[in-house]
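The values are calculated or read from the model by the stated rules, or taken from the named source; none is laboratory data. Not measured: the values here are computed from a predicted model. Positions of Cβ are generated from backbone atoms using ideal geometry, with glycine treated the same way; all protein chains shown enter the neighbour counts.
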Amino acid sequence: MPTESKLEKILLTEESRYCSYGDSVHYLKRPKIFSECNGSYLYDCRGTPYLDLQMWYSAVNLGYKNKRVNDAVKNQIDRLPQLASQYLHREKIELSGCISRQMQRSFQAKGRVHFNVGGSQAIEDSIKLMRKTTGKTQFFAFQGSYHGRTIGATEITSSYRYRRPYGHFSNRAQFIPYPYCFRCHYGKRFDSCKYYCVAQFERLFETEYNSMVDTKTGECEFAAFYIEAIQGTGGYVIPPPDYFRRIKRTLDHFRIYLVDDEIQMGFYRTGRFWALEHFGIRPDVVVFGKSLTNGMNPLSGFWAKEELVNPKAFPPGSTHSTFSSNPIGTAAGLEVMKLLQEKILIRQINDSGKKFINMLKKLQKKYKEIGDVSGVGLAIRLEICEKDGITPNRQLVDQIFQAGLDGDLQYKGKKYGLVLDVGGYYKNVFTLAPSFYITDEEMGMAYKFLDELFSRFTTSKRKGKRGKGKGDVPRV
């Protein structure tokens, strides 16, 4: 275990005295201090580089200190760094237009954009929109969902852990099992289930006694279904190809809106601009955030169809935040949107994703504990299990995660660290979201580091075929 420098000891002592422990820093047994960043790397106080495979939970898709985004921010600081959100500025209007035109290309729908400052806040605004539109307060959401930790967002986030300290939540969502084929909620196999999970959702609407719908009028109590097309914190879970098309038929029949949370998966993380584009359906509302500014400034928002958000339906003052559509954020967002239109970058995301997944599948063949490797674009998952290839192994994940942060991995005679992120229902999934510009050498480095860490904390290598599992995980 590496020792802390004198500066780190002083800073950590001050942190323990003056900083709240209420955020997620102290999930780590030994909190980490970083002092610099560049490209795919973070640097600690000693200058040790840490290869980052999670890029601030997919907020820094274009790499740390991206020159074009940084220059856009610097220019905005010198020209119009501050402006009350009741006034207009050019970048807000142009960014709204960029996102709205992208929505037309992606889903052939016209609409408008409303900004806020963080993912949870944008979710809150979308909840207001749905309540105002329908007059209803009930929502569907998925088991394994994460939509944020404000009070409203927590109502549709599945973990009771986030609600428990804060009393009764009268509008807690109706949580539906996510189509998690590697660990099917119903114990089925995808090769023979015939979308059993869809049939179970449809059954909820068969009779009024299931508490969803008035069968005499066809009126449903629920305003909207909040989805993640690919679950983020839930473990980068990828649903089967036709799942959302089948679910959408029921939603349309009972006039239930579809709200697509793209906060983590949007802006090409999955190889398409929106993750939902992989599944052939059109949303009513899309919520976005994180990588819109490449992590340079808090900015989020939602896009909604014209009939939901036009000035008569959603008039001035419907919702407000002091720093929403702030000029530095919109300037960064506008440059990000310009970068994301470059075809060479889109091709690189998809090519790198396929290459990285194939490399990790070779690692899976080597270690029985890697139960599943799958992904779309550069959203990649490694589900870590016991030697049986299915029982969750959180202990191994924790060991590898912490060891990566110790900064004692060797590459070409130099010390490195490895930054990973952990998700999944059992906190046994490494969710990888590397920079869109990750190089072949960096992917090779990541493979070497993971190989070393798995070798360090496991005792057996894979021989022959994998043991009993849940059947093939469907691909998009």
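Among the numbered criteria (1) assigned by TED's automatic domain parsing to the domain that holds Ser300; (2) under 24 Å from Leu28 (Cα atoms); (3) among the aliphatic types (A, V, I, L, M), which one does Leu334 miss?
(2)
Can you find, within segment 209-234, the residue that is nearest to Lys188 (Cα to Cα) among those that are loosely packed, with under 12 Cβ neighbours inside 10 Å and touching a Lys or Arg at 6+ places or on another chain (Cβ under 9 Å)?
So the residue we want is Asn210.
Given the criterion part of a strand (DSSP E or B) and more than 26 Å from Glu4 (Cα to Cα), identify the matching residue among Ile384, Ile390.
Going through Ile384, Ile390 in turn, just one is part of a strand (DSSP E or B) and more than 26 Å from Glu4 (Cα to Cα): Ile384.
Confirm whether Gly135 is at pLDDT below 95 and exposed (fewer than 15 other Cβ atoms within 10 Å of the Cβ).
Numbers: at pLDDT below 95: no; exposed (fewer than 15 other Cβ atoms within 10 Å of the Cβ): yes.
Considered against the rule, which asks whether it is at pLDDT below 95 and exposed (fewer than 15 other Cβ atoms within 10 Å of the Cβ), Gly135 comes out as no.
If you go through segment 375-391, how many residues are under 18 Å from Thr270 (Cβ atoms), of a type outside the set (D, E, K, R) and buried (at least 22 other Cβ atoms within 10 Å of the Cβ)?
Adding up the residues that qualify gives 6.
Going through segment 283-338 one residue at a time, which ones are of a type in the set (Val, Ile, Thr) and more than 22 Å from the chain's Cα centre (by Cα)? Before the answer, list the steps.
Here is the first cut: in segment 283-338, the residues of a type in the set (Val, Ile, Thr) are 285-287, 293, 309, 319, 322, 328, 330, 336.
If the condition is that a residue be of a type in the set (Val, Ile, Thr) and more than 22 Å from the chain's Cα centre (by Cα), then Val309, Thr319, Thr322, Ile328 are the ones that fit.
Consider segment 245-271. How many of its residues are in a loop (DSSP other than H, G, I, E, B) and either among the aliphatic types (A, V, I, L, M) or outside the structural domain of Ser145 (by TED's automatic domain parsing) (or both)?
Within segment 245-271, the subset in a loop (DSSP other than H, G, I, E, B) is 254-256, 262-271.
Next cut, either among the aliphatic types (A, V, I, L, M) or outside the structural domain of Ser145 (by TED's automatic domain parsing) (or both) only: 256, 263, 265.
The qualifying residues number 3.
Is it the case that some residue within segment 134-153 is assigned to a helix (DSSP H, G or I) and in contact with a strand residue (DSSP E or B) (Cβ under 7 Å, 6 or more places away or on another chain)? Working first, answer last.
Just the residues of segment 134-153 that are assigned to a helix (DSSP H, G or I), to begin with: 134, 151-153.
Imposing the further condition that a residue be in contact with a strand residue (DSSP E or B) (Cβ under 7 Å, 6 or more places away or on another chain) reduces the set to 134.
Yes, there is a match, as at least one residue in segment 134-153 is assigned to a helix (DSSP H, G or I) and in contact with a strand residue (DSSP E or B) (Cβ under 7 Å, 6 or more places away or on another chain).
Looking only at segment 172-189, decide whether some residue is surrounded by 13 or more Cβ atoms within 10 Å (Cβ to Cβ), at positive phi, modelled with pLDDT of 95 or more and among the hydroxyl-bearing types (Ser, Thr, Tyr).
no
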